[in-house]
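Structure, as structure tokens:
The values are calculated or read from the model by the stated rules, or taken from the named source; none is laboratory data. What you see is a predicted model; the values in this text were computed from it and never measured. Cβ coordinates were reconstructed from backbone atoms using ideal geometry, including for glycine residues, and neighbour counts include every protein chain displayed. Note: areas computed on protein heavy atoms with side chains; ligands, DNA, RNA excluded. Shrake-Rupley method; radii C 1.70, N 1.55, O 1.52, S 1.80 Å.
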2 protein chains.
Amino acid sequence: MELNEHTHVLIVGLGLIGGSYARALTRRGYRVSAITKEPDDIAYALREGIIAEGAATPDPRLIGAADLIVLALYPHLIPEWIRDNAAHIRPGTLLVDTAGIKTELVGAVHRVLPAGAVFVGTHPMAGREVGGVRNSDDAIFRGANYIVVPTPDSTPEGCALAAELGRVLGFSRISELTPERHDEMVGFLSQLTHCIAISLMTCNRETRMEEYTGDSFRDLTRIARINEELWSELFLSNRDALLRQFDAFETEMRTLRDLLARGDRAGLKDLMRLSTARRALFDKTEK
Amino acid sequence: MELNEHTHVLIVGLGLIGGSYARALTRRGYRVSAITKEPDDIAYALREGIIAEGAATPDPRLIGAADLIVLALYPHLIPEWIRDNAAHIRPGTLLVDTAGIKTELVGAVHRVLPAGAVFVGTHPMAGREVGGVRNSDDAIFRGANYIVVPTPDSTPEGCALAAELGRVLGFSRISELTPERHDEMVGFLSQLTHCIAISLMTCNRETRMEEYTGDSFRDLTRIARINEELWSELFLSNRDALLRQFDAFETEMRTLRDLLARGDRAGLKDLMRLSTARRALFDKTEK
């Protein structure tokens, strides 16, 4: 199998990410269909011309016709969906997910995947503070990272296709990580940062802070508007890795606090110089 | 005294903020002069036409001609500069600073301010990740907050003029706070956020994180490129207030960590809903 104009892509879950995939893939000439629970979302996507076909129930014909199924669902719904629709998935079909956690998910998918199907984890590291297909926009993939996560149900060809999908979608950098390394990285880079943003937003009962704030507080709390259904699930599915990140961060904050409490100006400056040097590595790759 | 085209404004310290003041005020027709230690910076500002006159030493004539002196210096240099040049400051001159801390500074200025001069604290809540007059740009003031901080050396007229200066510079919102409340707010909104960004950047020795990151980590660490001379001084000058903010934030992170460790999904969602609601107040006033 190759990705080309004959490839039938079925997107399951037409939200912000699923909708953005649909836009990118339709524009590049693939045949894109979608299954999502809201008939309105299917109607919208058909009207916008970002899918060729769609259904608000798991249509066996659409599932059977798919070469590539993108599961853009909440993590816990992914193994459920595969289990419920296993009979309709053709052998040789490639399934990828778009979830923000992998270790637990990969095990759950393994228990329900039908024989002959291939599953590769993928994590598009892009998003917006608003959800839903109506806010979908594949411009969010430009400059962004995309992680391929091989699983026991992957094949080398499946992993290559999943990586190719990332390039077709417009991601700037494609990497590969094991499920465990993925969850460790994401626990730090994404989940811990969301926890910090939440705590910043909730630790101070002061009103009218918006009148006194500069850009830094706005930047650190932009993600504090958070989808509590999705993120409580992501945090709890990656609990142990995330707790380790809490602890590492708390230890580092303690170090900084102690330097401050002792009035250790030289120590503070050393830490700031390290911070500046490490952040400079990111700036090189900034959008 | 009023702010008008006859007002002589002397900017002391022609860096990012002083330079941005010079651009805004010259464009609006004020007579702007500058004193800064680098002759190159004066030459640059004259060439760019953002000041009418300048000197690389504290020229008594420029000081004596000023109606309004903007002290855009590192905090510890402000009382030193006033002390060293007190003899040249005319009675009735309004002095304002642009420093990010106030309580300690206001006391130090009080001890050296010549009779008849008026001092009002001001804090322009704007900046860039790069410094120097060559990076100055008064567009950074648009949409930003400006805080007026009355001191024992202020007059009602001086405070009104300091607020008017904020409007002339292009700030979107002008507020007034006591020195203590200012430092408490800034300890939370600006200093704690910088400490968090530093700790995020230094707590994980993992290399190649930039390949796996999404926008959230980039947003939270943008300010982790930090001028260690300035910020170590700001932190240490506001040590007690900042330590209190560390403690409040740590307590809140502990609360979130405990919910996670206990697997308390309902509690996590409640905290996220509070976070979302509080952040929505900021979005209303986003640039």
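What the table below lists for this structure:
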{"quantity": "For chain A, calculated [θ]222 nm from helices alone, where every DSSP H run of n ≥ 4 adds -39500 (n - 2.57)", "calculated": "-15000 deg cm²/dmol"}
{"quantity": "Shortest-first nm distances, residue A:40 label point to equivalent points in other copies (7 Å, Cα→Cβ)", "calculated": "6.1"}
{"quantity": "Residues in the range A:136-183 that, when all protein chains are in place, have 50 Å² or more less accessible area than the chain alone would give (probe 1.4 Å)", "calculated": "A:145"}
{"quantity": "For the range B:175-255, the Rg and Dmax computed from alpha carbons only, in angstrom", "calculated": "14.4, 45"}
{"quantity": "Using a 7 Å Cα-to-Cβ projection, residue A:280 label spacings across copies, nm, ascending", "calculated": "4.4"}
{"quantity": "Loss of accessible area when A meets B, both sides summed, Å² nearest 100, probe 1.4 Å", "calculated": "9400"}
{"quantity": "Ratio of the Cα radius of gyration of the range A:86-181 to 2.2 N^0.38 Å, where N counts its residues", "calculated": "1.11"}
{"quantity": "Distances in nm from residue B:172 to the matching label points in the other copies, shortest first (labels 7 Å along Cα to Cβ)", "calculated": "2.6"}
{"quantity": "Carbon + sulfur, % of accessible area of chain A - ligands and nucleic acids excluded, 1.4 Å", "calculated": "49"}
{"quantity": "Value of Rg/Rh across the protein assembly as shown [Cα atoms, Kirkwood radius]", "calculated": "1.07"}
{"quantity": "Dipole of the protein assembly as shown, positive direction: furthest Cα of B:214, B:15, A:149, with charges on the beta-carbon", "calculated": "B:15"}
{"quantity": "Unit charges on C-beta of K, R, D, E only; dipole of the range A:71-145, Debye", "calculated": "120"}
{"quantity": "Per residue Cα convex hull volume in Å³ - calculated over the range A:56-111", "calculated": "81"}
{"quantity": "Dimensionless Rg ratio for the range A:101-156, taking C-alpha atoms and the 2.2 N^0.38 Å reference", "calculated": "1.40"}
{"quantity": "Test item: Cα-centred dipole of the range B:207-255, Lys/Arg +1 and Asp/Glu -1 on Cβ, debye", "calculated": "60"}
{"quantity": "Rule-of-thumb Rg ratio for chain A [Cα; 2.2 N^0.38 Å; N residues]", "calculated": "1.11"}
{"quantity": "Cα lying deepest toward the dipole's positive end in the protein assembly as shown, options B:235, A:189, B:261, charges on Cβ", "calculated": "A:189"}
{"quantity": "With Cα atoms, 0 to 90° folded angle of helix B:39-48 axis to chain B main axis", "calculated": "90"}
{"quantity": "Intensity falloff of the range A:4-64 expressed as log10 I(q)/I(0), Debye formula with alpha-carbon point scatterers, at q = 0.23, 0.26, 0.28, 0.29 Å⁻¹", "calculated": "-0.84, -1.07, -1.22, -1.30"}
{"quantity": "Within the range B:1-63: Cβ-based charge dipole about Cα centre, in debye rounded to nearest 20 (Lys, Arg +1; Asp, Glu -1)", "calculated": "120"}
{"quantity": "Shape parameters for the range B:1-118, alpha-carbon atoms, Rg then Dmax in Å", "calculated": "13.3, 38"}
{"quantity": "Per residue accessible area in Å² of chain B, where ligands, DNA and RNA are left out and the probe is 1.4 Å", "calculated": "39"}
{"quantity": "Percent of Cα pairs exceeding the 13 Å cut-off, where the set is the range A:151-208", "calculated": "73"}
{"quantity": "Acute angle (nearest 10 degrees) that the helix A:265-283 long axis makes with the longest principal axis of chain A, alpha-carbon atoms", "calculated": "20"}
{"quantity": "GluC sites (Glu not before Pro) restricted to DSSP loop in the range B:199-285 with at most 16 other C-beta within 10 Å", "calculated": "B:206"}
{"quantity": "Neighbourhood charge, 14 Å Cβ-Cβ cut-off, centred on residue A:246 and excluding it, Lys, Arg +1 and Asp, Glu -1", "calculated": "-2"}
